[in-house]
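In what follows, a structure is listed as structure tokens, so that the remarks can point back to it.
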Amino acid sequence: MTYHLQKCLKNTRIILKPSVSCTLFHSSSETWSHAPSCSPIESSHSVGASLDGQQIQCVDSIRQSDVDLLIRRVRVGSSVDEVFQVLTQDDVCNSVLLSHTLVDKLLRRFKDDWKSALGVFRWAGSCPGYEHTPELYSMMVDILGKAKQMDRMWELLEEMNKHHFVTSDTVAKAMRRFAGAEQWEDAVKIFDKLGTFGLEKNTETMNLLLDTLCKEYKVEHAREIYLQLKSHIAPNAHTFNIFINGWCKVNRVEEAHWTLQEMKGHGCRPCVISYSTIIQFYCRQYSYSKIYELLDEMQAQGCPPNVVTYTTVMCYLTKSQEFEEAIQIAERMKTAGCKPDTHFYNALIHTLRQAGRVEEAVHVFEVEMPRNGLTPNTSTYNTMIAMFCYHRQEEKAFDILGKMENSKHCKPDVQTFYPLLKSCFRTGNIDSCLSQLLDDMVNMHHLSFDLSTYTLLIHGFCRSNKCVQAYQMFEEMISQEMKPKYTTCRLLLAEVELHNMREAAEKIEDVMKKL
């Protein structure tokens with residue numbers, strides 16, 4: 001599988017480094033979540049009581065090399081047993097100093113490849129002197145649940161229970177994954193088994209179940225369970241906010257308003273979250289008169305909107321192309337004395353970008369954010385790069401990419417490169433610029449390609465008369481069990497037929513039949 005992509009990239013004058021060729025499809029970036037802060041000397045083995053800064057950097061460097069070493073040993077597409085056997089029989093792997101931080105990094109790297117993740121998890125758990133933490137078990141539970149490996153997830157829960165490792169976090173993840181797989185009965189079953197897990201049926205765990213069901217649009221079912229439990233489990237403000245959110249998700253805003261009154265009847269005061277949830281519903285309906293009424297009501301009730309409320313309204317105004325109103329919302333927030341955060345500025349930059357006010361967006365990025373002590377995150381850089389690419393200022397976009405790569409706070413992700421790749425195809429700069437970008441994604445940042453990236457590359461190569469490369473990308477995408485878009489298949493099929501690639505055409509047609 002990796003051979004195909006290596007061949008494709010070779011045709012576009014890219015040389016993959018042997019040290020990373022096996023890591024191509026395992027992403028090291030996290031867009032919305034970050035690894036927990038752990039001590040750099042955390043380990044099941046003793047490293048020493050005290051390390052200075054230089055020594056700590058050395059340990060971190062060695063640990064990262066260990067992560068890369070282990071990843072290189074795992075072949076994409078291997079079974080759980082194959083991964084376990086490869087690592088177990090490798091003397092170099094078994095010489096690695098295992099730590100919880102290292103295993104955490106491996107599981108995050110393999111979060112979209114449950115077989116590799118479980119194989120690594122089982123191997124690490126079998127190593128002498130090392131034991132998984134409850135948090136790592138919970139992470140593995142979530143990975144299996146996301147992959148809809150429910151039987152394996154149950155087995156792991158039972159294994160955790162033997163060690164008394166099941167926590168409320170584990171329960172929340174298991175419930176959410178069962179609900180996501182439409183196995184509602186199993187989600188409720190988890191709640192019923194709380195006693196056997198050593199956990200209590202209380203307000204917190206009741207809220208976990210209700211939240212899980214409401215987020216999966218089973219609000220009425222959640223309501224029935226609540227009515228059965230409320231006589232011996234007292235609700236709190238969070239309980240009612242869960243229902244407000246649930247009713248809004250199923251477009252029953254009247255019940256959400258009614259829940260506000262029910263909340264007051266139980267002695268719970270509606271908070272910013274309560275109102276903001278209903279405001280978000282009206283945002284989705286583009287009912288801006290209702291939004292402004294609620295904003296005024298919040299002020300009157302002594303519950304002023306926060307930065308999240310204002311950011312939400314600004315985003316939806318931008319989405320409906322009401323750019324001036326969106327900018328006015330930003331000014332209203334500043335006038336109200338509400339302190340901006342990075343997410344607010346990301347939204348403001350996006351609004352200014354959509355409005356074509358590039359210089360003002362640059363001012364926010366270069367002046368306002370530093371003045372307010374805010375550091376750009378991945379989304380900030382991505383928005384700036386997308387803006388410059390959209391306005392065909394690629395040189396400035398690459399300058400932003402350089403700053404991002406040198407940042408100590410965040411690194412590029414797949415979305416960072418998307419507009420840059422698109423620009424390469426638009427300008428016809430494929431053999432040099434596109435090749436370097438792909439090389440950087442694979443070799444420098446160890447990023448995997450998602451469906452959008454594969455689709456972009458296939459379409460781009462087809463339109464650039466590079467049919468062979470387009471088809472090899474298609475093969476790689478299929479091997480990663482990604483479903484291509486029907487339009488992508490149609491475009492590629494026409495190209496391979498034009499180039500008399502009969503076997504390729506047959507395979508594409510087979511894939512199309514399964515879509």
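The values are calculated or read from the model by the stated rules, or taken from the named source; none is laboratory data. All figures in this text were calculated on a predicted structure; none of them were measured in a lab. Cβ atoms come from the backbone with ideal geometry, glycine included; neighbour counts cover every protein chain shown. Accessible surface areas use protein heavy atoms only, side chains included; no ligands, DNA or RNA. Shrake-Rupley method; radii C 1.70, N 1.55, O 1.52, S 1.80 Å.
Overview of values
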{"read-out": "Residues (open to solvent by 10 Å² or more (accessible area, probe 1.4 Å) and in a helix (DSSP H, G or I)) located in region 402-422", "value": "Gly402, Lys403, Glu405, Asn406, Val414, Gln415, Tyr418, Pro419, Lys422"}
{"read-out": "Odd one out for Gly428, checked against (1) under 21 Å from Thr488 (Cα atoms); (2) open to solvent by less than 10 Å² (accessible area, probe 1.4 Å)", "value": "(2)"}
{"read-out": "Only listed residue being touching a residue at least 12 places away in the same chain (Cβ under 8 Å) and within 19 Å of Ile400 (Cβ to Cβ), chosen from Ser464, Ser423, Ser452, Ser448", "value": "Ser423"}
{"read-out": "Whichever residue in region 237-288 is assigned to a helix (DSSP H, G or I) and hydroxyl-bearing (Ser, Thr, Tyr) and, among such residues, is modelled with the lowest pLDDT", "value": "Tyr288"}
{"read-out": "Given (1) closer than 28 Å to Val76 by Cβ; (2) in contact with a Phe, Trp or Tyr (Cβ under 8 Å, 6 or more places away or on another chain); (3) among the acidic types (Asp, Glu), number of the condition Glu135 does not satisfy", "value": "(2)"}
{"read-out": "Among residues of region 337-370, those that are of a type in the set (Ser, Thr, Tyr) and at pLDDT below 95, counted", "value": "0"}
{"read-out": "Search result, residues across region 310-339 that are of a type in the set (Gly, Ala, Ser) and either surrounded by fewer than 21 Cβ atoms within 10 Å (Cβ to Cβ) or under 15 Å from Gln299 (Cα atoms) (or both)", "value": "Ser320, Ala336, Gly337"}
{"read-out": "Residues satisfying the stated conditions in region 135-167, i.e. of a type in the set (Ser, Thr, Tyr) and under 22 Å from the mean Cα position of the chain (by Cα)", "value": "Tyr137, Ser138"}
{"read-out": "Residue satisfying condition, being in contact (Cβ under 8 Å) with a residue 12 or more places away in the chain, among the small types (Gly, Ala, Ser), open to solvent by less than 30 Å² (accessible area, probe 1.4 Å) and more than 27 Å from Phe449 (Cα to Cα), within set Ser99, Ser78", "value": "Ser99"}
{"read-out": "Qualifying residue in region 169-183 (condition: in a helix (DSSP H, G or I), at pLDDT 90 or above, polar (S, T, N, Q) and open to solvent by less than 20 Å² (accessible area, probe 1.4 Å))", "value": "yes"}
{"read-out": "Some residue of region 148-167 being open to solvent by 40 Å² or more (accessible area, probe 1.4 Å) and either of a type in the set (Ser, Thr, Tyr) or at pLDDT below 90 (or both)", "value": "yes"}
{"read-out": "Test result for Gln301, in contact with a helix residue (DSSP H, G or I) (Cβ under 7 Å, 6 or more places away or on another chain) and at pLDDT below 95", "value": "no"}
{"read-out": "Near pairs, Cβ below 8 angstrom, 6+ apart or cross-chain, from region 357-370 (within 14 Å of Ile327 (Cβ to Cβ)) to any residue that is hydroxyl-bearing (Ser, Thr, Tyr)", "value": "Val364/Tyr345; Glu368/Tyr345"}
{"read-out": "Tally, over region 455-476, of residues that are within 13 Å of Phe417 (Cα to Cα) and surrounded by fewer than 22 Cβ atoms within 10 Å (Cβ to Cβ)", "value": "1"}
{"read-out": "Residue check for Thr375: assigned to a helix (DSSP H, G or I) and either closer than 26 Å to Tyr316 by Cα or touching a Gly at 6+ places or on another chain (Cβ under 9 Å) (or both)", "value": "no"}
{"read-out": "Qualifying residue in region 228-249 (condition: out of contact with any Ser or Thr (no Cβ under 8 Å at 6 or more places or on another chain), open to solvent by 40 Å² or more (accessible area, probe 1.4 Å) and farther than 29 Å from Phe191 by Cα)", "value": "no"}
{"read-out": "Test: Arg122 is touching a residue at least 12 places away in the same chain (Cβ under 8 Å) and within 16 Å of the chain's Cα centre (by Cα)", "value": "no"}
{"read-out": "One residue from Ser435, Ser448, Ser479 being hydroxyl-bearing (Ser, Thr, Tyr), touching a Phe, Trp or Tyr at 6+ places or on another chain (Cβ under 6 Å) and open to solvent by less than 80 Å² (accessible area, probe 1.4 Å)", "value": "Ser448"}
{"read-out": "Candidate set from region 102-144 (those that are assigned to a helix (DSSP H, G or I) and among the small types (Gly, Ala, Ser)); member that is most open to solvent (accessible area, probe 1.4 Å)", "value": "Ser126"}
{"read-out": "Pairs, first more than 19 Å from Thr277 (Cα to Cα) in region 313-340, second open to solvent by 80 Å² or more (accessible area, probe 1.4 Å) and in a helix (DSSP H, G or I), C-beta under 7 Å, six or more apart", "value": "Phe323/Gln354"}
{"read-out": "Residue check, Ala187 modelled with pLDDT of 95 or more and open to solvent by less than 60 Å² (accessible area, probe 1.4 Å)", "value": "no"}
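Every residue, every condition in (1) touching an Asp or Glu at 6+ places or on another chain (Cβ under 8 Å); (2) under 24 Å from Asp112 (Cβ atoms), yes or no:
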site: Lys408; (1), (2): no, no
site: Ser423; (1), (2): yes, no
site: Leu437; (1), (2): no, yes
site: Thr453; (1), (2): no, yes
site: Ala494; (1), (2): no, no
